[in-house]
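This report refers to the structure that appears directly beneath it.
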Amino acid sequence: MNDTRQTFHQQLAEVKTDVARLAAMVTDAIPRGTHVLLNFDLEAAKDLIEHDDELDRLTLHIEEQCYQLLVLQQPMASDLRVIVSALRMASEIERSGDLVVNIAKTMRRVYGDELTPRIRGLIEQMSEEAAKLYKSAIDAYLDEDDALAAAIDDMDDVLDALQKDFIEAVIAAHEAERIDLNAAVQLALIARYYERIGDHAVNMGERTQYLVTGWLPEHGSAAVADAREKHRPGPVEAAVVAERAEDDT
């Protein structure tokens, strides 16, 4: 291998390392966001929100590296898939970081409201599942394990089920007058943020499958969106739809 090709592959390895570092930062941020929420920790929320700037800077660095490699090296076949996958992975991870920030911001809107034991327990479970999905997604990427990458979609079913249980718990708490409508809406949005983090992990798994095999599975998220459109929302869910445009990033 000549020096130019050796340098090129070293640069590809550095890109992959940076993507892994970015994913590790989000994996670490998920439980931090949950701590902020469950403890109404305003100072920790401020730190978490400010920490997002670091994620954005690393994402931009990865993108610039990838664009330079595309322009200067004009890679083909498998090398091209490495670069394209890194670009898409970085985007998925950065958007997941934004969702964790949304959890911290939304906490401010329910500050001081009661979180019932069931609601608290489900938040903890959603957080654990989201972090587990993210760890699996990045492990699959680093090991180029297409079998693990393909399994992430099925693993995400647990988080989807928890979100459904959480919405039911929020509605029950609202009907029992333990939380008002605003708190119910904000909590439902938080469940949506955890669920979307899981969706991004699924997309990362699909990107790893593309990296390894050259084949990109059809995105399951489109089917999920279609199913949601067919679902007739209740009063809390309807309010969530109205609020979601403000917070979704």
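No lab work stands behind these numbers, since they all come straight from the coordinates. As the structure is a computational prediction, the values presented were derived from the model and not from experiment. Every residue, glycine among them, receives a Cβ derived from its backbone with ideal geometry; neighbour counts consider all protein chains shown.
Which FRET efficiency, nearest 0.05, do Asp28 and Thr116 yield, Cβ-Cβ r, R0 25 Å?
According to the calculation, E is roughly 0.35.
Measure nothing but the geometry: give the 0 to 90° angle between the long axis through the Cα atoms of 181-213 and the longest principal axis through the Cα atoms of the chain, rounded to 10°.
20 degrees
Treat each spin label as a single point 7 Å out from the Cα along the C-beta direction, and report the Ala151 to Glu128 distance in nm.
For Ala151 paired with Glu128, the spin-label model returns 1.9 nm.
Helix 235-247 sits at what angle to the longest principal axis of the chain, using alpha carbons and giving 0 to 90 degrees rounded to 10?
Result, in degrees: 40.
Can you tell me which lysines have their Cα less than 25 Å from the Cα of Lys164? Leave out same-chain residues fewer than eight positions away.
Excluding near neighbours in sequence, the set is Lys105, Lys132, Lys135, Lys230.
If you work out Rg and Dmax of the Cα atoms in Å from the coordinates, which of (1) 19.5, 71; (2) 17.4, 54; (3) 16.4, 49 do you get?
(1)
I want to check the label-to-label distance for Lys46 and Thr213. Put each point 7 Å from Cα in the C-beta direction and report it in nm to one decimal.
4.9 nm
Tilt of helix 42-73 relative to the longest C-alpha principal axis of the chain, in degrees (0 to 90, nearest 10)?
With rounding to tens, the tilt is 30 degrees.
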